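**Student:** Have a look at this one.
Here, each number is a calculation from the coordinates, and none is a lab measurement. Quick caveat, the model's predicted, so the values are computed rather than measured. No Cβ is skipped: glycine too gets one built from the backbone with ideal geometry, and neighbour counts run over all protein chains shown.
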Amino acid sequence: MVVVLAVLVAGGLVWLARRNRGKILAPVAEAESGVPGQPYVGQPIPAEQRPLGRIDVRGLTKEYRGAKVVDGVSFSAEPGQVTGFLGPNGAGKTTTLRTLLGLVEPTGGVATIGGERYADLEEPTLRVGAVLEASGAHEGRTGRNHLRVLCRAAGLPPARADAVLAAVGLTTAADRAVRGYSLGMRQRLSVAAALLGDPQVLVLDEPGNGLDPDGIRWMRELLRALAADGRTVLVSSHQLAEVEQLADALVVIAAGHVVATGTLASVVGGHPDLETAFLELTAGKGGIQ
Amino acid sequence: MTQPAIRPRLISAEIMKIRTTRVWWIFLGIFTLFSAAALMNNFLSHHYQLYPQQDLADRAQALARATEARTPAGAAAIAASMMTSGQFLTVLIAMLLGIHVVTSEIAQRTVTTTFLVTPRRERVIVAKLAAAGVFAALFWLITTVLDAVVTPVFMASQHITASLTGQGVIRVVLLGLLAFLLWAAFGLGLGAVMRSQIASVIAGIAIYVGGFAVAELIFHGLYDLHHQAWLLGAPVIAPAVASQVMTTPAPAFPHAPPQWAGAVIMAGYALVLTAAGIVQTRRHDIS
């Protein structure tokens, strides 16, 4: 009796596993990793609501074991603009962005969005979208389920997951496990997660990593469109030529300090291009060792 | 307005996280097979208790035990035992599930996304606790249904009768549910404190299995020196012993404290570990 029961249960489990395997482990076709033809369409931000999207970082400091990784960093990112956040490796960009997003507790200073700390936002998904690392999804979960989990946690309808999957061109790969995604697809899944709540503020850490030229252009157009709608876009990047085409304003950080802020034109100043300006501004101020 | 720490939508999201990966099916499969194997083992063990083998050295003593087992009290004890088959082993899987629920987020680096959606981290831990509780209760339900299907067949085949809906059986079955819930909370708290998946699993198993032996060794050693009777009941401070005391109607061992003492100690461990896990989760930078 027990043996029969055990065999039945085991058989049922094998059947279920096989049924799911087809969905989860099928390889991703190359043709399905393209970018969407249509740009993302969100709700434009009304003028009176735009100040709520202002990012303010004041005297931000973060120490790890006595070493200041971020040291008195202050800057703002304005609504309706793309603000590029530049710096050499180890300059403190990621720590600054993670502190802004409540993931890292600052040693000193404060970072706010519309005057509120991220950790104090009651519905952060509806105010701020973030791309911090490729996908941020469980390797064994499908892209669609990853987004549906986030929808549930944020109180959004599951249909929103399908909408953002379409917006980033992942509809046909939506029911495959994330472990089968390329780096570019993971980045786009991460962007999809950031767009779930149609937020007023976008914070992106190296979103171009792993994207092919088509993907980079798509990302540029997406971020420009979001800023044109009155959103605040703060984006860190090492791709200086790309930032030059994308950003309205710049914040340059080196060795934990802000070394330049202002409009793209004012930071480039008399230099022939952004790369030359960047290398001069950060010369001898590599990342904190 | 301040929102409550318990948010149904977060619990729903955490439940969905568990059931949308293959790990859940592996847990379910292992649990079901363990339950079935434990039930089969219990089936045979009680069969040989009622019908001792011919070639036993102490057959007379075994026959006396078999006669005692056929009394109404003996049959009721067998029914309770059958209805909680393998619980000593299966609650361990509930603990491992509790560990998995919290540490898989760190191992898979999904914790960043989770805390971006819900920056008030204590809410996430509370939701995970509730979700782990739901799946622990599901484990309990599976094993109880298996037991409830097989136990009447066993009783009839062995020609003994005992009510499966009597107060005694219902009580041990419900205490079993409490054990599943508390071990899931224990695992979740342990995982949140330790953060490392592999270290938490090793520590959890060591506490469960090793704690039993270490507590017995220490307190029996102390008893040999001081001959205080309470020392023989003191191993109840080990979580696995506390759990055993909590779920065993008769004294689990000589000088064992009452069932409620086991329940209080086990609940205390679950509560303290979960609280420590919340503190650790709130303090830790996600970098």
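**Student:** Once the cut-off is 23 Å, how many percent of the Cα-Cα pairs in the stretch B:124-225 end up in the long-distance tail?
**Tutor:** Values: 2588 of 5151 pairs.
When all Cα pairs of the stretch B:124-225 are counted, 50 percent exceed 23 Å.
**Student:** To make sure I understand the rule: partners must be aspartates and glutamates, Cα under 14 Å from the Cα of B:LYS128, and not fewer than 8 residues away in the same chain. Which ones qualify?
**Tutor:** Output for B:LYS128: B:GLU14, B:GLU105.
**Student:** Could you give the dipole magnitude of the stretch B:8-283 about its Cα centre, charging the beta-carbon of Lys and Arg +1 and that of Asp and Glu -1, in debye to the nearest 20?
**Tutor:** Here the stretch B:8-283 has a charge dipole of around 1180 debye.
**Student:** Starting from the Cα gyration tensor of chain B, multiply each eigenvalue by 5, take the square root, and state the resulting semi-axes largest first in whole Å.
**Tutor:** 38, 23, 16
**Student:** Whole number please: convex hull volume per residue, Cα atoms of the stretch A:53-107, in Å³.
**Tutor:** 77 Å³
**Student:** Which of A:VAL251, B:THR118, A:THR99 sits farthest toward the positive end of the charge dipole of the protein assembly as shown, with +1 on the Cβ of Lys and Arg and -1 on the Cβ of Asp and Glu?
**Tutor:** Farthest towards the positive end: B:THR118.
**Student:** If you don't mind, there's one more thing I want to ask. Give me the orientation-averaged projected area of the Cα convex hull of the protein assembly as shown, in nm², one decimal.
**Tutor:** 32.6 nm²
**Student:** Also, I was wondering about something else. When the expected Rg is taken as 2.2 N^0.38 Å, what fraction or multiple of it is the alpha-carbon Rg of the stretch B:62-161? Walk me through the numbers on the way to the answer.
**Tutor:** Details: Rg = 20.9 Å, N = 100, 2.2 N^0.38 = 12.7 Å.
Normalised by 2.2 N^0.38 Å, the Cα Rg of the stretch B:62-161 equals 1.65.
**Student:** Also, I was wondering about something else. With every atom except the alpha carbons ignored, what do you get for Rg and Dmax of the stretch B:138-287, in angstroms?
**Tutor:** 18.5, 64
**Student:** For the stretch B:1-128, taking Cα atoms only, what is the radius of gyration to one decimal and the Dmax to the nearest whole Å?
**Tutor:** In order Rg, Dmax, the Cα atoms of the stretch B:1-128 give 23.0, 75 Å.
**Student:** To the nearest 500 deg cm²/dmol, what mean residue ellipticity at 222 nm is calculated for the protein assembly as shown from DSSP H runs of n ≥ 4 alone, each contributing -39,500 (n - 2.57), summed and divided by the residues? Kindly include the intermediate steps, with their values, before the conclusion.
**Tutor:** On the way: 23 runs with 325 residues, N = 576.
The helix contribution divided over the protein assembly as shown gives -18000 deg cm²/dmol.
**Student:** Once phi is turned into ³J(HN,Hα) by the Karplus curve 6.51 cos²θ - 1.76 cosθ + 1.60 with θ = phi - 60°, what whole-Hz value does each residue of the stretch B:212-227 show in order, with x for glycine and proline?
**Tutor:** Residue by residue, the stretch B:212-227 yields 4, 5, 5, 4, 4, 4, 5, 6, 6, x, 5, 5, 4, 7, 10, 6 Hz.
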